[in-house]
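*Asks:* Here it is, the structure in full.
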Amino acid sequence: MEKTLKKVDIIFEIDKSCSPLAVLDRTLQRPADEIILDLIDSGLKGRGGAGFPTGLKWKFTRNETSDVKYVICNADEGEPGTFKDREILDRVPEKIFVGMTICAYVIGAREGYIYMRGEYNFLLKSLQKKLDDFNAMLTEKGVDFQIYFKSGSGAYVCGEESALFESMEGKRGEPRNKPPYPTVAGYNNKPTVINNVETLVYTTMICHMGPERFKELGTTDSRGSKVFSVSGDTPIPGIYELELGMPLQDFINEFGDGDAKAIQVGGASGHCVPRKKFSDTIIGFEGIPTGGSMMVFNSSRSMYNVLHDYLEFFTEESCGQCTPCRVGCQQLLKGIEAVKKGDKPPAYLNDLKKLTATMKIAAKCGLGQSVGNPFNSIVDNFKEEIIY
Amino acid sequence: MSKYQVNLKINNMPIAVEEGTTILEAARKLNFRIPTLCHHPDLSVAGNCRVCVVEVKGAKLLAASCATPVSEGMEVLTNSEKVRIARKHIVELLLSEHNADCTKCFKNGHCELQEIASEYRIGEHVFLDLVRPESKIQDISSPAIIKDDSKCIRCQRCVRTCEEIQGVAALGVINKGDQQRISTFLNKPLNEVVCTNCGQCINRCPTGALTERNYIEEVWNAIYDPSKFVVVQTAPATRVALGEDLDIDPGARVTGKMVSALKKLGFNKVLDTDFAADLTIMEEGTELLTRLKKALVDKDETVRLPMMTSCSPGWIKFQEHMFSDMLDNLSTCKSPQQMFGAVAKTYYADKINIKAQDMIVVSIMPCTAKKFECERPEMRDSGYQDVDYVLTTRELAMMIKQAGIDFNKLEEEHYDSILGESTGAAVIFGATGGVMEAALRTAYEIVTGREVPFTNLNIQPVRGMEGVKEATIKIKNVKPEWAFLEGVDLNVAIAHGLGNARFLMDKVNRGETNYHFIEIMGCPGGCLGGGGQPIPTSPEIRQKRANAIYSEDEHMTIRKSHENPEITEIYKQFLGQPLSHLSHELLHTHYKPRKRY
């Protein structure tokens, strides 16, 4: 089912006839299992990038037996080129709070946390006030749930859910071994739902508009819409909510400057799509999934520099605990430098590609596993720029 | 309740194992060896080196077998093409950031990375050399431990050891990404942080990143120096472990062969720390009884109970850093090593007519903290540094190899006399609970005139590998001069490993205990698990060494310290009696509070 580019207004919509709080009141009257069924039916998948079905995540956590459970909103938006959660936090925080509260009601949690990247602390002043009001409102209504902010400290890897828990627990932000998964043992080793900011807002909105209307948007594999952070060589950078399933060509027709040679879809850890593949590339889980970052590069950009920047970023932001990621990232970075300088032959790029295959299957977490995405897509499509 | 059984296949061989078993453990049951580096039987699972990855059919990712529990119907391949390529890559990556200067490395031949590299015959270096010049600057600030970051593979075994087993956390991970490394608080040198020099990190370091500061050359030079009279003393726990570094299975008692080897190496006299252990019991046992009398009869409120043993220099430094308000609880007795040194350069030097300044005292210790201890300024009561050099069990094994001695073929020999006679009570100093048992054997007999009421003198309640042990001995029918102890329940406790020590100290601090006497050893299992003992270490190996120690005890003719004839002699001829003025001068010491940062 081919879609075309369509702008949507769900996330930021302000419906005067039905406030988020009204959605909350209504939803808390419904049986929890019914809410889960709605979410599963809606086909909503996590908007952080990994795309796990949200309804199932809530269901698994609900099914765990534990006195203590947690809801965590992952607002550690650290992927280079992604800035949509900041906007959501700033403009519609109540929709996040409501999503968390609904989740808490469904799974049986009494505490929720918003883990927000340290760089967004400037938002805290206004957010804290809104959160205090919201918490007070919950208390007044007799809802046994409170939400707290936790500030991140600047490590990219802490956006990885298990590293985020470690960080929240006051430890080094290092990913854990899995299993166990968060639904079984997350924050403080208790069953935990951890959702991206945008995902939580969609849960609120699905409770508001019903799964049917949500399902009308998108494709079979990628239901609904998504907020995109558009940056780079575009005359109209910014935040846009678009229906999922569009070809990249549609996107560039709307946002390009007429000279785009590549789009990095999904941030530094995503895929680089060259101009010749724009028409064949679908944005969605059947094509290239994305956490929302769309970076446009025109012909004035050196793709060597782009890749070099990404590799520098990963070399610095790897937590450093596992070998494939810690050493692999350094080898990739130094490797393309050596090829550029002529210290290594162009064929060395093949050795490095094989290394990314190992990193993809042997690194401990998504960070190391995904470094091969930008590496291979840039090296394959812009080999001459890497070598010469 | 028996656990649920999980059925799986490893390399097409079916196996059923208990729920919760890891793939690695299951594979070992089928005798499939999977290489590991960050995994250690004493430590929590890290899953960070990734060399143990295996393929699980149907899974996109390889699984770290050390960290992945089995599941029903799982099909695992430990040596598929995917696994081999990935594992080789990972070893190549580790080597690319490793200063592979193997021939110059102290761990040459004992390095787990070297072993894997040799198995995979990593030839031509595929990847770029990432070793940073600045990482090659070693931290040589500590008299006991040398840290070389250029050899570090970031497995974090040392970090987990220091935190989980020892509760010290002197080592930690700093920075991230390519800058990540193992360091100390504020990156200070090891001698300026809370490091207790216990060396447990060395025992678990898979490479040469953490090693003991070795004094092999200094000792050879002393032996070759004709103007020096070099005496050597051997700690109780070395004789049950030395063989492990010389192709003998763990648990073998090699006392006689060790003595023979030391004589062949050229030491002028081969003597026994066990003699000093007996001496320690006389002093410490008397000190305990004296403290009890002061507390119970004289109602002297300045007397601190429970009294705590002071044999373990790692424990002493730990206490000085972490519980400096409890230093008065420590027995003032020096450790056996230092009592030996002080007596050797006074009483013994006099006896054999050698000037103290011409005597070199070398210790063979299961311990790295002893290297620190012998350099403490308090340890110069003979007028000279009482003990000159401390070698670990491992260093001795190296000297034996260097000298071309075929250890296995050596005839057993006896220690020289004097300062060579010892008892079963002394040898059990090497196991957790041993000092307590030795002290009780003597103290009970002093007080009651009878042997301790345990079959064959074996005080079972204080033995074993439990982290914290407690026992109560009822004192009955005492001699008239000890009437104040009649009917008293003597409460004792034992901890080994500093993590357990901390647990026990916290309990004491909270006033939840009524102990009279506590034995603490800094290392797991006591000295037999010391930081200077042969590598590897594991619960099984330590148990075997413990069995050997207790068997050594049973084979001794004399098994109570106060019956050692050389001890009787030294009091008669030299010291007078326990806690005499001279004893205080030579055999006792004091402690100093140290900061935590």
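The values are calculated or read from the model by the stated rules, or taken from the named source; none is laboratory data. A quick note: this is a predicted structure, and the numbers were derived from the prediction, not measured. A quick note on method: Cβ atoms are made from the backbone with ideal geometry, for glycine too, and the neighbour counts reach across all protein chains shown. Please note that ligands, DNA and RNA were not included when accessible areas were found on the heavy atoms of the full protein model with its side chains. Shrake-Rupley method; radii C 1.70, N 1.55, O 1.52, S 1.80 Å.
*Asks:* Would you call B:VAL53 open to solvent by less than 20 Å² (accessible area, probe 1.4 Å), touching a helix residue (DSSP H, G or I) at 6+ places or on another chain (Cβ under 6 Å), within 12 Å of another protein chain (Cβ to nearest Cβ) and touching a residue at least 40 places away in the same chain (Cβ under 8 Å)?
*Replies:* no
*Asks:* Filter region A:347-378 for residues that are open to solvent by 10 Å² or more (accessible area, probe 1.4 Å), more than 7 Å from chain B (Cβ to nearest Cβ) and assigned to a loop (DSSP other than H, G, I, E, B) and give the result.
*Replies:* Answer for region A:347-378, where residues must be open to solvent by 10 Å² or more (accessible area, probe 1.4 Å), more than 7 Å from chain B (Cβ to nearest Cβ) and assigned to a loop (DSSP other than H, G, I, E, B): A:ALA347, A:CYS365.
*Asks:* Moving on. What is the number of the single condition among (1) free of Cβ contacts under 8 Å to residues at least 60 places away in the same chain; (2) touching a Pro at 6+ places or on another chain (Cβ under 6 Å); (3) among the polar types (S, T, N, Q) that A:GLN146 does not meet?
*Replies:* Checking A:GLN146 against (1) free of Cβ contacts under 8 Å to residues at least 60 places away in the same chain; (2) touching a Pro at 6+ places or on another chain (Cβ under 6 Å); (3) among the polar types (S, T, N, Q), the one that fails is (2).
*Asks:* Identify all residues within region B:371-381 that are over 17 Å from B:ALA222 (Cβ atoms) and not aromatic (Phe, Trp, Tyr); write none if there are none.
*Replies:* The answer is B:GLU373, B:ARG376, B:PRO377, B:GLU378, B:MET379, B:ARG380, B:ASP381.
*Asks:* I would also like to ask the following. Would you mind finding the one in B:LEU575, B:LEU586 that is of a type in the set (A, V, I, L, M), within 29 Å of the chain's Cα centre (by Cα) and modelled with pLDDT of 95 or more?
*Replies:* Just one listed residue meets the conditions, B:LEU586.
*Asks:* Which members of region B:125-154 meet the condition of being over 21 Å from A:LYS334 (Cα atoms) and either without any contact (Cβ under 8 Å) to a residue 24 or more places away in the chain or within 9 Å of chain A (Cβ to nearest Cβ) (or both)?
*Replies:* Within region B:125-154, B:ILE137, B:GLN138 qualify.
*Asks:* Evaluate the following for A:GLU166: is it more than 18 Å from the chain's Cα centre (by Cα) and not assigned by TED's automatic domain parsing to the domain that holds A:PRO93?
*Replies:* The answer is no for A:GLU166.
*Asks:* Anything in region A:303-324 that is at the interface with another protein chain (Cβ under 9 Å from one of its Cβ atoms) and at negative phi? List them, or say none.
*Replies:* A:PHE314, A:THR315, A:GLU316, A:GLU317, A:SER318, A:CYS319, A:GLN321, A:CYS322, A:THR323, A:PRO324
*Asks:* Given the criterion in contact with a Ser or Thr (Cβ under 8 Å, 6 or more places away or on another chain) and not polar (S, T, N, Q), identify the matching residue among B:ASP358, B:ASP325.
*Replies:* Testing whether each residue is in contact with a Ser or Thr (Cβ under 8 Å, 6 or more places away or on another chain) and not polar (S, T, N, Q) leaves just B:ASP358.
*Asks:* Still on this model: Taking region B:56-69 only, how many residues are buried (at least 18 other Cβ atoms within 10 Å of the Cβ) and either without any contact (Cβ under 8 Å) to a residue 40 or more places away in the chain or facing chain A (nearest Cβ under 10 Å) (or both)?
*Replies:* Qualifying residue count for the region: 8.
*Asks:* I would also like to ask the following. Which helices (runs of 4 or more DSSP H) does region B:357-431 wholly contain that include 2 or more residues that are farther than 25 Å from B:ILE558 by Cβ?
*Replies:* In region B:357-431, the matching helices (runs of 4 or more DSSP H) lie at B:369-373, B:393-402.
*Asks:* Is it fair to say B:ILE174 is hydrophobic (A, V, I, L, M, F, W, C), open to solvent by 10 Å² or more (accessible area, probe 1.4 Å) and within 14 Å of another protein chain (Cβ to nearest Cβ)?
*Replies:* Considered against the rule, which asks whether it is hydrophobic (A, V, I, L, M, F, W, C), open to solvent by 10 Å² or more (accessible area, probe 1.4 Å) and within 14 Å of another protein chain (Cβ to nearest Cβ), B:ILE174 comes out as yes.
*Asks:* Here's something else I'd like to know. So for region B:108-120 (the condition being at the interface with chain A (Cβ under 9 Å from one of its Cβ atoms) and not in a helix (DSSP H, G or I)), does at least one residue qualify?
*Replies:* Checked region B:108-120: no residue is at the interface with chain A (Cβ under 9 Å from one of its Cβ atoms) and not in a helix (DSSP H, G or I).
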